[in-house]
Structures are given as structure tokens and as C-alpha cells.
1. Consider ARG77 carefully, then state whether it is modelled with pLDDT of 95 or more and either closer than 17 Å to ILE25 by Cβ or touching a Lys or Arg at 6+ places or on another chain (Cβ under 6 Å) (or both).
2. Please list, ordered by first then second residue, the pairs with beta carbon atoms under 8 Å, 6 or more apart or interchain, first in the range 176-189 and among the polar types (S, T, N, Q), second not in a helix (DSSP H, G or I).
3. Restricting to the range 66-93, give me the number of residues that are open to solvent by less than 10 Å² (accessible area, probe 1.4 Å) and out of contact with any Leu (no Cβ under 8 Å at 6 or more places or on another chain).
4. Specify the residue that is farthest from the chain's Cα centre (by Cα); the eligible residues are those in the range 124-152 that are open to solvent by 20 Å² or more (accessible area, probe 1.4 Å) and among the aromatic types (Phe, Trp, Tyr).
Amino acid sequence: MEPVSQIDGRAIPFGRKNVDTDIIIPAHWLKTISRDGLGRGAFEALRQDPDNLFDSAEFAGSPILIAGDNFGCGSSREHAAWALLDLGIKAVIAPSFSDIFSGNAFKNGILTVVLPQEQVDRLLEVAKTDPIHIDLEAQTVTTPFQDRFRFEIDPFRKHCLINGLDEVGLTLARDTAISAFESTVQAERPFLARGTGVAA
């Protein structure tokens, strides 16, 4: 997982409320277990409109999505987070998120920023013309117009995102402690088959 600390750039001023995971990535894209290429299916129904924001040259490569309340509701499909990542989204700002989507986003290195509706509305306006800056270390969202909005984040999630640690990375980071424990167990209980906890 790539570390997340500073996110700069244009933000897609989406703003739609109650966007469920079927809108983010339709069910017929769920046949794959690969993350590659899912960005093509992201917001597929909305992208039928030739004037949609997701295919606009103005917002091409935007790393931030500004959404409405209750973003990511509906089914628990992790493909929704994969599709956003493949689309280039590194952070989503909204007044609230579905708990399951927020967890899936975090596990895949996407920062979810919760801000009050009035601050989201201000960012939607700024995003139409100017870039936005997210500083995870300082827990702030700022604009070129001196707007400065502070957001809260779970300290564990913040640590993992800043250090690029997914569940595998967290385990590997404890490799020394795990090896020491295994050595102790082997020395104290040599009658156990190594690594199984079962008597040989």
C-alpha cells in the first residue's frame, strides 16, 4: 500500500448524496478478483452522460473526490474501493460515509475525510476552478483562498495510512517480535511441532 501524507490537486466536485456501491462499481464488474482496470467501470452509469465529471478533461487525474452525505452505502463490495483507486482517487471528502465502505477504503489506502456539510459545500465551489490540499499529518484540508478545515481521524488509521501499512504490512512490521515468540515457544516446548501448537 502506498503511503498517504499530502494529497494535492484538483478535486472532482461530485457532491451527490446516498451514492451506493452499485453506482461506484456495477455488479457485472465483480466477476474479477483483479484490481487492474476497474477504473473503467467506476461510475459507469453516470459516465453514459457525455458531460459527466469523471471523463472531463478538466478533472482528468484528479486525486480527490468530493461527495455528498452517506457515500458508499449499499453492499459491502470491496471492488468499490478498488475502482476508485484505479480511477486515481486517493481521498474522498464527504459529510458522512458508510462504515463498511470507509473500512474498505482505509484498507486499500484511500483517505476518507469527514467534514460538515457547509465546509463540503465550500470545497465543492472551490473545486470547480482551483486545487485543494489535504495534509493528513496536520489533519487539515486547505484551499488557495485561506480556507482551512480540520478533520478527525482514528489514530491507528492515520498511522497506517502515513506509513503505507495494510494488514500484511502490519504483520511484517512485527516480524522480529513474531520470530522471537516462535523461538521462545520452540525452546520452552520442544515437543510441539514447529509453528503448529500441536504435539508431534
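The values are calculated or read from the model by the stated rules, or taken from the named source; none is laboratory data. In this text the structure is predicted, and so the values were computed from the model without any measurement. Because the Cβ atoms are built from the backbone with ideal geometry, glycine has one as well, and the counts that use them run over all protein chains shown. The area values use the complete protein model at the heavy-atom level, side chains included, leaving out ligands, DNA and RNA. Shrake-Rupley method; radii C 1.70, N 1.55, O 1.52, S 1.80 Å.
1. Values: modelled with pLDDT of 95 or more: no; either closer than 17 Å to ILE25 by Cβ or touching a Lys or Arg at 6+ places or on another chain (Cβ under 6 Å) (or both): yes.
Criteria not met by ARG77.
2. Hits for this filter: GLN186/LEU192; GLN186/ARG194.
3. The first filter runs over the range 66-93 and keeps only residues open to solvent by less than 10 Å² (accessible area, probe 1.4 Å), leaving 66-68, 71-72, 80-81, 83-84, 89, 91-93.
Subset that is out of contact with any Leu (no Cβ under 8 Å at 6 or more places or on another chain): 67-68, 71-72, 80-81.
Count: 6.
4. PHE145
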